[in-house]
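Nothing in this text is a laboratory measurement; each read-out follows from the coordinates by a stated rule. All of these numbers come straight from a predicted model, not from anything done at the bench. Cβ atoms come from the backbone with ideal geometry, glycine included; neighbour counts cover every protein chain shown.
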Amino acid sequence: MHAPSPPSPWVQRFAALLRPGARVLDVACGSGRHVTWLAARGFAVTGVDRDAGALAAVEGQAELLVADLEAGPWPLPGRRFDAVVVTNYLWRPLLPQLLASLAEGGIYLHETFADGHQHIGRPARPDFLLRHGELLQACAGLRIVAFEDGFEAGAEADADGGAAGGRCVQRIAAVNEAPGAAVPPRYALDLLPRAAPRASG
């Protein structure tokens, strides 16, 4: 048995932009490292994955849906979320649907392997590696708050095949801004992960 991977520091950092109780969709959530972390902080989490066995690890913590996002219909038609979270997953035909699932003011957080990683470890197929600046292009209609595209040294190996010596990664935090705001919103960049609420009593 492997210890569960810790939540992504990128997700932890920008989840601090969310209001308490925000509705969060975790796409291809696997065994739920982000489901657990987000739910513990009071967010209303929906997790989707095709592996029912993996989802069993977080049963009772969130709304969980078993669905094949690549071969089946979109399992959440008409639903909108305050955040959509995607990590270590890329299925390009799904990108427009994920962005369309953002509510007004919703935050899109995507972090996965990028071109160059094929020289380090798995994944190595171009289908699973973001091209240079690809997330910027995909999110062109959103307000880009933060973006990174490069090599990250010393990343720990994980269940998705990331090499212990590092990885090539691309990540974005982008907001579906409401049009016509009288005062432009400010998105803090010096964020700390939101602490879990303390139990009372």
Placing each pseudo-label 7 Å from Cα in the direction of the beta carbon, Glu177 and Glu152 end up separated by a distance in nanometres of 2.6 nm
Exposure-ranked with fewest Cβ neighbours within 10 Å first, Tyr108, Tyr89 stand as Tyr89, Tyr108
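If you take the Cα Rg of segment 9-175 and divide it by 2.2 N^0.38 Å, with N the number of residues, what do you get?
0.98
Please give the contour-minus-distance gain from His132 to Ala188: 0.36 nm per residue of separation, less the Cα-Cα distance, rounded to one decimal in nm.
Contour length minus the Cα-Cα distance gives 17.6 nm.
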Length gained, Ala140-Ala57, 0.36 nm per residue minus C-alpha separation, equals 26.3 nm
Pseudo-spin-label distance Arg19 to Leu94, built 7 Å along Cα→Cβ, given in nm, is 2.8 nm
